[in-house]
1. Kindly indicate whether any position in segment 90-98 is surrounded by fewer than 19 Cβ atoms within 10 Å (Cβ to Cβ) and assigned to a helix (DSSP H, G or I).
2. Among Ile18, Ile10, which is under 30 Å from Val214 (Cβ atoms) and surrounded by 12 or more Cβ atoms within 10 Å (Cβ to Cβ)?
3. Condition check: under 26 Å from Val145 (Cβ atoms), assigned to a helix (DSSP H, G or I) and modelled with pLDDT of 90 or more. Does Ala183 satisfy that?
4. So which residues in segment 164-180 are small (Gly, Ala, Ser) and in contact (Cβ under 8 Å) with a residue 60 or more places away in the chain, if there are any at all?
5. Phe114: under 29 Å from the mean Cα position of the chain (by Cα) and surrounded by 15 or more Cβ atoms within 10 Å (Cβ to Cβ), yes or no?
6. Quick one: which residue in Asp80, Asp57, Asp39 is within 29 Å of the chain's Cα centre (by Cα) and surrounded by fewer than 18 Cβ atoms within 10 Å (Cβ to Cβ)?
7. Looking only at segment 240-249, decide whether some residue is under 29 Å from Asp8 (Cβ atoms), aliphatic (A, V, I, L, M) and either in the same structural domain as Asn209 (by TED's automatic domain parsing) or surrounded by 13 or more Cβ atoms within 10 Å (Cβ to Cβ) (or both).
8. Return only the number of the condition from (1) under 30 Å from Met225 (Cα atoms); (2) surrounded by fewer than 16 Cβ atoms within 10 Å (Cβ to Cβ); (3) modelled with pLDDT under 90; (4) touching a helix residue (DSSP H, G or I) at 6+ places or on another chain (Cβ under 8 Å) that Arg159 does not satisfy.
Amino acid sequence: MKTSKVYDIIGKRKIFFIISSALLILTVIASFVFGVKLDIEFVGGSMATYSYTGDIDVDHAKAVTEETLGMQVSIQQSQDIATGKENLVISVNGTESLTKDEQAAMTDALTKEFSANEFNLEQINNVDPVIGREFLLKSLLAVGVAGLLMIIYIAFRFRKIGGWSAGVMAVLALLHDAVVIYAVFVIFQIPLNNNFIAAVLTILGYSINATIVVYDRVRENQRLMGSKVPVAELVNTSVNQSLSRSINTTVATIIALVAACVLALIFNVNTILTFAFPLIIGMISGVYSSLCISSSLWVVWQEHKKKKNSYANRVAKKKA
């Protein structure tokens, strides 16, 4: 009877720790080199959406807008799938909201400069800087609360195998995934916005589910294999049993996300692209952290705990 290959994942945990540590260091370096961009949702400002026909020079439109307003702006092109119209989204970040006079001057300047393109103001959204900061803090709080609830849930569900430590190690692995998504936004110069928070929360849910599958196998294998089996062997067996399921689920999800990215590129829908692409990288990170990081961290903790208890017992015997 053919047996499936067993990979020594736990035995190579030092390699995985080095890889993850290197990713963390590179992310910090990238933050300083590329800088961190915050979108209007977090810093406040104004976002105006114009529809137009034909083709325009985006760089020229940016120059005209900045000259009119006397401040820097960012411009993105998109397409309204419902109407088929081309849109130009002009964002002014980190300032007070544009006044009605500034809005009118910007519209007049663009309409005059691109008279053949039938510029029309579709909508304008203003976000106060104070509201933006509050939204950022509330978003980070939501991520923190989600992590705490996950620890409590795992601690209760897997109390027979040391639930609290399992929960803490799982959340540490989730922080790894959040850092990876953050790195994607920084390296590709995608402004941090509500898509970033949504992507992080999505990956946290996906990754913790894959980790729970591994913990469930650990609990079952502990009952079948007995308590005398070394924890590293126990967890490695459980990870190998969960390997195919986790990878197949990830691949299927990534295929759907790649399709979303392709459609977003075809129709120039930037909001979908800046959500789906980080999710693809996050999915890869999620399955990696579930199989290689959280399980390895838990083994390190359990082995440390066992050595500590063994040392305490030896000391107690000597004193006796």
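1. No: segment 90-98 contains no residue that is surrounded by fewer than 19 Cβ atoms within 10 Å (Cβ to Cβ) and assigned to a helix (DSSP H, G or I).
2. Working: Ile18 fails: surrounded by 12 or more Cβ atoms within 10 Å (Cβ to Cβ).
Result: Ile10 is the single residue among Ile18, Ile10 that is under 30 Å from Val214 (Cβ atoms) and surrounded by 12 or more Cβ atoms within 10 Å (Cβ to Cβ).
3. So Ala183 passes the test.
4. Ser165, Ala166, Ala170, Ala173
5. Values: under 29 Å from the mean Cα position of the chain (by Cα): no; surrounded by 15 or more Cβ atoms within 10 Å (Cβ to Cβ): yes.
It is false that Phe114 is under 29 Å from the mean Cα position of the chain (by Cα) and surrounded by 15 or more Cβ atoms within 10 Å (Cβ to Cβ).
6. Asp80
7. Filtering segment 240-249 for residues under 29 Å from Asp8 (Cβ atoms) gives 240-249.
Okay, now just the ones that are also aliphatic (A, V, I, L, M), so 243, 247.
Narrowing further to those that are either in the same structural domain as Asn209 (by TED's automatic domain parsing) or surrounded by 13 or more Cβ atoms within 10 Å (Cβ to Cβ) (or both): 243, 247.
Yes, segment 240-249 has at least one match.
8. All conditions pass for Arg159, except number (4).
The values are calculated or read from the model by the stated rules, or taken from the named source; none is laboratory data. Because the structure is predicted, anything quoted here is derived from the model rather than measured. No Cβ is skipped: glycine too gets one built from the backbone with ideal geometry, and neighbour counts run over all protein chains shown.
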